[in-house]
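Below is one structure, written out as structure tokens; the observations come after it.
The values are calculated or read from the model by the stated rules, or taken from the named source; none is laboratory data. Worth saying up front: this structure is predicted, and the values here are computed from it rather than measured. All Cβ positions, glycine included, derive from the backbone under ideal geometry; neighbour counts span all protein chains shown.
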Amino acid sequence: MTLSEASTRGAAAVGARGDRTALPPPLLCVDGVTLEYRAPGRVVRATQNVSFDIWEADRFILLGASGCGKSTLLKAVGGFVTPREGRILLEGKPVRGPGPDRVAVFQEFDQLPPWKTVRENVAFPLRISGRLGRKEASERAAHYLEKVGLTRFADAYPHTLSGGMKQRVAIARALAMEPRVLLMDEPFAALDALTRRRMQEELLALWEDVRFTLLFVTHSIEEALIVGNRIALLSPHPGRMRAEINSHAWGLHSGGSPDFQAAANRIHSLLFEDGDAHDGKDRQ
């Protein structure tokens, strides 16, 4: 099996979805985005001229080494960081700040208010945003808690849950908002290996059921191949688009195969060994 690669705005989408001309407009467009942030005594450039498109129901991965700007890029899509250059469009409209159409799940387990039950944690954003009343919010919370297998724990408090269970609550809370794009910033990185694998399985099962659009940050090559259908490879700091990979051929049961390992090795080479000559240009 061939590992299909392309520059960010061309053949990758074609390989995953057929003729590019038959595609609708992208749901999310990141166009030439350069991001900077202030550190003590200096300005740090996190990304340089990054571009990619995400279509409805994509599972799009931002993959790169620590410090390549992938989390900063996720925050920019969320509306929390304003690009120094370039633009981010959601359904053709500029992203100018946070909104309920983009909801994030982070790595930290303690992102749930401890004084609220599991059900209240999931329902709270629906109520505070004014999208649903108390009864309707509680009903939707119950619906998504069932999807993540936590119905029995609806009246429990976060301190009684394991790390994996807390992340499932956070995912249920995000999905309950029914965002246009679900943002996930290394959500399983702090979990043990077995729990991380189970969470990957559950996330993909949820995607099969709900077909949400996912933008997912990781520094794990194997996780990127398993979770994503498209992967953006970012070069070391500042992050630039090195290549885009079609990964729809891989899945939960690909891990031990020679083809999977060859794909992982090729991605590692692109990220760390091939140098800047490949940035945004690599094709196969």
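Output the number of the condition that Arg152 fails; it satisfies all remaining conditions of (1) farther than 29 Å from Asp58 by Cβ; (2) crowded, with 20+ Cβ neighbours inside 10 Å. Arg152 satisfies all of (1) farther than 29 Å from Asp58 by Cβ; (2) crowded, with 20+ Cβ neighbours inside 10 Å except (2). Across region 146-162, the number of residues qualifying as within 15 Å of Pro113 (Cα to Cα), touching a residue at least 40 places away in the same chain (Cβ under 8 Å) and not in a loop (DSSP other than H, G, I, E, B) comes to 2. Please pick out the residue among Met199, Met177 that is modelled with pLDDT under 95, under 16 Å from Gln107 (Cα atoms) and within 19 Å of the chain's Cα centre (by Cα). From the options Met199, Met177, the qualifying one is Met199.
Determine if region 98-106 includes at least one residue that is assigned to a loop (DSSP other than H, G, I, E, B), within 26 Å of Ile267 (Cα to Cα), outside the structural domain of Ala224 (by TED's automatic domain parsing) and not acidic (Asp, Glu).
Checked against the condition, which is being assigned to a loop (DSSP other than H, G, I, E, B), within 26 Å of Ile267 (Cα to Cα), outside the structural domain of Ala224 (by TED's automatic domain parsing) and not acidic (Asp, Glu), region 98-106 yields at least one hit.
Residues checked against (1) part of a helix (DSSP H, G or I); (2) within 21 Å of Glu178 (Cβ to Cβ):
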| residue | (1), (2) |
| --- | --- |
| Leu204 | yes, yes |
| Glu208 | yes, yes |
| Leu215 | no, yes |
| Leu225 | yes, no |
| Ile231 | no, no |
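Can Ser220 be described as small (Gly, Ala, Ser), modelled with pLDDT of 90 or more, in the same structural domain as Ser66 (by TED's automatic domain parsing) and under 26 Å from Glu36 (Cβ atoms)? The answer is no for Ser220. Selection of region 116-136 for residues being assigned to a loop (DSSP other than H, G, I, E, B) and in contact (Cβ under 8 Å) with a residue 40 or more places away in the chain yields Lys116, Thr117, Ser129, Arg131. Mind telling me which of the residues Leu252, Leu270 ends up being hydrophobic (A, V, I, L, M, F, W, C) and modelled with pLDDT under 85? After ruling out the rest, the residue left standing is Leu252. Among the residues of region 189-224, just one is farther than 30 Å from Glu91 by Cα and of a type in the set (S, T, N, Q), namely Thr195. Restricting attention to region 229-240 and to residues that are buried (at least 24 other Cβ atoms within 10 Å of the Cβ) and in contact with a Ser or Thr (Cβ under 6 Å, 6 or more places away or on another chain), the residue that is farthest from Leu73 (Cα to Cα) turns out to be Ile231. His143 meets all of the listed conditions (1) outside the structural domain of Leu271 (by TED's automatic domain parsing); (2) assigned to a loop (DSSP other than H, G, I, E, B); (3) surrounded by fewer than 16 Cβ atoms within 10 Å (Cβ to Cβ) but one, namely (2). Scanning region 163-187 for residues that are assigned to a loop (DSSP other than H, G, I, E, B) and without any contact (Cβ under 8 Å) to a residue 60 or more places away in the chain gives a single hit, Glu178.
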